[in-house]
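Chemist: There's a structure below that I have some questions on.
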Amino acid sequence: MIAKYKNAHNFVFALHKLGKSSLMLLFIFVIIPAFGQHKDITKLKALLIEQINDSVKINLYVNIFNYYNELNSDSAYMYANEGLRYFKEKQNVKGQGAMYLSKGDYEDAHGNSKLAEDHYLQALKLFSSINYKKGIAGADNNLAAFEGKKGNYKKAITYILVAKKIYEEADNIKDLLSCLINLGAIYDELKDSSQTINYYYKADSIVKLMPPSENTAILYINIGEFYNKYKDTAKAFYYYNKSMALSDANDYPMEHLIASMDKSVLEYEIGNEKQGKAFLVYALNYARQHNLPQQEADILINFVSLDKNLNKDTGLIYLNNALNIAKYTENKPMELNVYRAFSSIYEKYKNFEESNKYLKLQHALSDSLLNINKAKEIANLSSVYELEKSNAKVQVLEIMVAKNNFQKIIIICICLSIIILFAIVLYYYRITISLNKTLKKNKSDLAELNNMKDKLLAIIGHDLRGPVGNIPPILSLIEEEILLPEEYVEVFSTLKEHSIIILETLDKLMLLGKSLLKQNNYEPQNFNPSSYIAKNIELMSITAKKKNITIKNYINENIYVFADAMHFDFILRNLLTNALKFSFLDGIIELAANENFKNGYVVFSVKDYGIGITKDRLNQMFKSTIRTTYGTENEKGNGIGLLLVNEFVIQNGGEIWVDSKEGEGSTFYFSLKNGKME
């Protein structure tokens, strides 16, 4: 929101000059957002203690400061410092910037221009360090108003234009309004009437888009002052009346009082003394009613200046009241104005002794203020001198530090060289260890492959020789035509079985060879495995019939997997073959699939109720070993199939495991990625 000074000597009356009465234009000070101008100071303090949110604390400190600053109280400075300490401890840059703005307001209100400027610049620096645009704009606007009051109008315009650009980019019309009002006020001081009225009318166009505010009332006062300066009395009265009506309806006491005083001064200037006095009396009562003591004092001083018919005794009473207010509020500039007014009124009535008395008091106070300023300047000079002495000592220390740093650099370089050398040695040591491990592993792999080769030769010699050796005698029986007709079926069935065994063994040997040489083709796809399951059950039907084994398929036909279809076919066929091989006569084999066992996967299972697997065999189940095994009907196996099954499952991104108990059977599980139904 928009906040501004309420202290009379900051933006109000140039009525201290006797003989000529007018108003200075109003500059608006914009700070970071606050949540409201609370007047219940007890509630604000309680909230400050209870609140833990730093953003809200910023607003609380700002509002408490504004409350006390309106009263010209030292409590304002105390809370600004307290807030600054708190936000420094919290390392809250926004909070620190807000407190520096408040401290700048306080120092400016008490005439300490240098400190005020330092605080405003510090706030700007803090907000800039975190690129807090709204804070930057607020600090620039405060600096603009500060420079404007000092008459540094070009510098003020530079600050305002920066703030204006930020508000325009943020589409912040509320704060943009304050920039336009300030620009109009500055160009009015520069006597550039076209620019002045241009900015005021731009501000007026924004006012029409937003609810009434104190800035609206200030804008109307400034426009009224502009027309007053150029002797357009009718328009001046029009805007003063608009400001009075708006401020009265929305309870803006300061703006209402200023508009009333402006109107009173204008009435006096055009010769309507009766109307002018009426508005002065109204303003005086209004200031007392709204507890604005400093404004009351200013009105009393200007009553003496403006009302030519005011009798001496009433004038002295007014000035004594003004003096009491100035002393109570410790407002030294106002006290000077009261002494000046006393001297003038006594001079008017030829009482030169009393006139000189107050003139001396005025000079004494001026000298006192001057001495205070000189003391501050001397203190500053002393500080500068001490700083220079310190700088000289620092230079000597810096030379010593530079020498020490050079020595440290040499030592550090030596240490770094040693560390680098050690790192190089360690690097090559680790490479040597790694190479030794690789060599050892390769040696072990070579020995394993050699062992595999021997076992493969044994398989070729035994597992293939048996079925192949049985084929010639069978063919001889057929050729010699010594078999009975009913025996031909059995002979051909045996011949077919031997052929299947030979083909499967050769397939396994070929696949194992490719696997060892890393030449397996892997072509994953999204497919429904039901057809492969049905095909393998049909393929195994002869073997199952011989042992009277029932194969039960519980797999949902709508399941899809993402894998190599040929690999799936091989995995299922081998697990089903093994289940048949190790099942008892009249047994059952169950095929199942679970889509909920593992997220994103289908887990297939092949369960038999056969002889089971020993613990030793379980531990070596999927390792690269080839071992001859025999089924329940002396069916021979060699373990090649399981090696390939394990390889294919892993290649398809799945896992394989087995649960088994001797004499009760085995369940082989394997998982494949879940596919999508096409």
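Chemist: Out of all the residues in the stretch 81-101, is one or more over 26 Å from the mean Cα position of the chain (by Cα), buried (at least 21 other Cβ atoms within 10 Å of the Cβ) and not β-branched (Val, Ile, Thr)?
Modeler: Of all residues in the stretch 81-101, those over 26 Å from the mean Cα position of the chain (by Cα) come to 81-82.
Subset that is buried (at least 21 other Cβ atoms within 10 Å of the Cβ): none.
Checked against the condition, which is being over 26 Å from the mean Cα position of the chain (by Cα), buried (at least 21 other Cβ atoms within 10 Å of the Cβ) and not β-branched (Val, Ile, Thr), the stretch 81-101 yields no hits at all.
Chemist: Across the stretch 177-197, which residue is farthest from residue 211 (Cα to Cα) among those that are surrounded by fewer than 22 Cβ atoms within 10 Å (Cβ to Cβ) and aliphatic (A, V, I, L, M)?
Modeler: Once the filter is applied, the top-ranked residue is 190.
Chemist: Only residues that are outside any helix (DSSP H, G or I) and over 16 Å from residue 321 (Cα atoms): list them for the stretch 251-307, please.
Modeler: Looking only at the stretch 251-307, we keep the residues that are outside any helix (DSSP H, G or I), and these are 251-252, 270-272, 290-292, 307.
Selection gives 251, 252, 270, 271, 272, 290, 307.
Chemist: Here is a follow-up. Residue by residue through the stretch 165-182, note down the ones that are more than 17 Å from residue 128 (Cβ to Cβ) and either under 29 Å from the mean Cα position of the chain (by Cα) or not polar (S, T, N, Q) (or both). Before you say what the answer is, go through the steps one by one.
Modeler: Quick first cut of the stretch 165-182, residues more than 17 Å from residue 128 (Cβ to Cβ) only: 168, 171-182.
Correct list: 168, 171, 172, 173, 174, 175, 176, 177, 179, 180, 181.
Chemist: So, one more: For the stretch 291-323, give me each residue that is buried (at least 23 other Cβ atoms within 10 Å of the Cβ) and at positive phi.
Modeler: none
Chemist: Moving on to the next point. State whether one or more residues within the stretch 341-356 are of a type in the set (A, V, I, L, M, F, W, C), buried (at least 21 other Cβ atoms within 10 Å of the Cβ) and under 53 Å from the mean Cα position of the chain (by Cα). Break it down stepwise before answering.
Modeler: Taking the stretch 341-356 as the starting set, the residues that turn out to be of a type in the set (A, V, I, L, M, F, W, C) are 341-342, 345, 352.
Applying the additional criterion that residues be buried (at least 21 other Cβ atoms within 10 Å of the Cβ) yields 341-342, 345.
Now narrow it down to the ones that are under 53 Å from the mean Cα position of the chain (by Cα): none.
For the stretch 341-356, residues of a type in the set (A, V, I, L, M, F, W, C), buried (at least 21 other Cβ atoms within 10 Å of the Cβ) and under 53 Å from the mean Cα position of the chain (by Cα): absent.
Chemist: Return yes when residue 452 is within 30 Å of residue 562 (Cβ to Cβ), more than 60 Å from the chain's Cα centre (by Cα), modelled with pLDDT under 65 and part of a helix (DSSP H, G or I) and no when it is not. First the steps, then the outcome.
Modeler: Numbers: within 30 Å of residue 562 (Cβ to Cβ): no; more than 60 Å from the chain's Cα centre (by Cα): yes; modelled with pLDDT under 65: yes; part of a helix (DSSP H, G or I): yes.
Considered against the rule, which asks whether it is within 30 Å of residue 562 (Cβ to Cβ), more than 60 Å from the chain's Cα centre (by Cα), modelled with pLDDT under 65 and part of a helix (DSSP H, G or I), residue 452 comes out as no.
Chemist: How many residues are outside any helix (DSSP H, G or I) and not acidic (Asp, Glu) when one looks only at the stretch 222-250?
Modeler: If we filter the stretch 222-250 for residues that are outside any helix (DSSP H, G or I), which is where we start, we get 230-232, 250.
The next check asks that each one be not acidic (Asp, Glu); those that pass are 230-231, 250.
Total satisfying the criteria: 3.
Chemist: Scan (1) more than 21 Å from residue 94 (Cβ to Cβ); (2) charged (D, E, K, R); (3) in contact with a Gly (Cβ under 9 Å, 6 or more places away or on another chain) for the single condition residue 125 breaks and write down its number.
Modeler: Result: residue 125 fails condition (1) only.
Chemist: Kindly indicate whether residue 610 is at pLDDT below 90 and under 22 Å from residue 547 (Cβ atoms). Working first, answer last.
Modeler: On the way: at pLDDT below 90: no; under 22 Å from residue 547 (Cβ atoms): yes.
Judged against the criteria, residue 610 is not a match.
Chemist: Next question, about the same structure. Spot the failing condition for residue 163; the list is (1) under 22 Å from residue 261 (Cβ atoms); (2) surrounded by 18 or more Cβ atoms within 10 Å (Cβ to Cβ), and only one is missed.
Modeler: (1)
Chemist: Is there any pair linking a residue in the stretch 159-172 that is under 15 Å from residue 124 (Cα atoms) and free of Cβ contacts under 8 Å to residues at least 60 places away in the same chain to one that is basic (Lys, Arg) and in a helix (DSSP H, G or I), with Cβ under 7 Å and at least six apart or on different chains, and which?
Modeler: Taking only residues 6 or more apart or on different chains, the pairs are 166/133.
Chemist: Among the candidates 421, 439, 457, which residue alone is at pLDDT below 85 and closer than 30 Å to residue 500 by Cβ? Lay out the reasoning, then the answer.
Modeler: Details: 421 fails: closer than 30 Å to residue 500 by Cβ; 439 fails: closer than 30 Å to residue 500 by Cβ.
Step by step, each of 421, 439, 457 is checked, and only 457 is at pLDDT below 85 and closer than 30 Å to residue 500 by Cβ.
Chemist: Among the listed residues 347, 377, which satisfies the condition of being modelled with pLDDT under 65 and of a type in the set (Asp, Glu)?
Modeler: Values: 347 fails: modelled with pLDDT under 65.
That would be 377, the only listed residue that is modelled with pLDDT under 65 and of a type in the set (Asp, Glu).
Chemist: Answer yes or no as to whether residue 113 is over 24 Å from residue 160 (Cα atoms) and surrounded by fewer than 18 Cβ atoms within 10 Å (Cβ to Cβ).
Modeler: Numbers: over 24 Å from residue 160 (Cα atoms): no; surrounded by fewer than 18 Cβ atoms within 10 Å (Cβ to Cβ): yes.
No: the conditions fail for residue 113.
Chemist: Among all residue pairs at least 6 apart or on different chains, which show Cβ distances below 6 Å where the first residue, located in the stretch 637-666, is free of Cβ contacts under 8 Å to residues at least 12 places away in the same chain and the second is surrounded by fewer than 20 Cβ atoms within 10 Å (Cβ to Cβ) and in a strand (DSSP E or B)?
Modeler: Qualifying pairs under 6 Å: 659/667.
Chemist: Hey, another quick one. Can you find even one residue in the stretch 39-54 that is of a type outside the set (S, T, N, Q), more than 22 Å from residue 181 (Cα to Cα) and in contact (Cβ under 8 Å) with a residue 40 or more places away in the chain?
Modeler: yes
Chemist: If the requirement is being at pLDDT 90 or above, surrounded by 24 or more Cβ atoms within 10 Å (Cβ to Cβ), closer than 22 Å to residue 165 by Cβ and among the hydroxyl-bearing types (Ser, Thr, Tyr), which of these qualifies: 120, 132? First the steps, then the outcome.
Modeler: On the way: 132 fails: surrounded by 24 or more Cβ atoms within 10 Å (Cβ to Cβ).
120 is the lone residue from the list that is at pLDDT 90 or above, surrounded by 24 or more Cβ atoms within 10 Å (Cβ to Cβ), closer than 22 Å to residue 165 by Cβ and among the hydroxyl-bearing types (Ser, Thr, Tyr).
The values are calculated or read from the model by the stated rules, or taken from the named source; none is laboratory data. What you see is a predicted model; the values in this text were computed from it and never measured. Ideal geometry is used to build each Cβ from the backbone, glycine not excepted, and the neighbour counts take in all protein chains shown.
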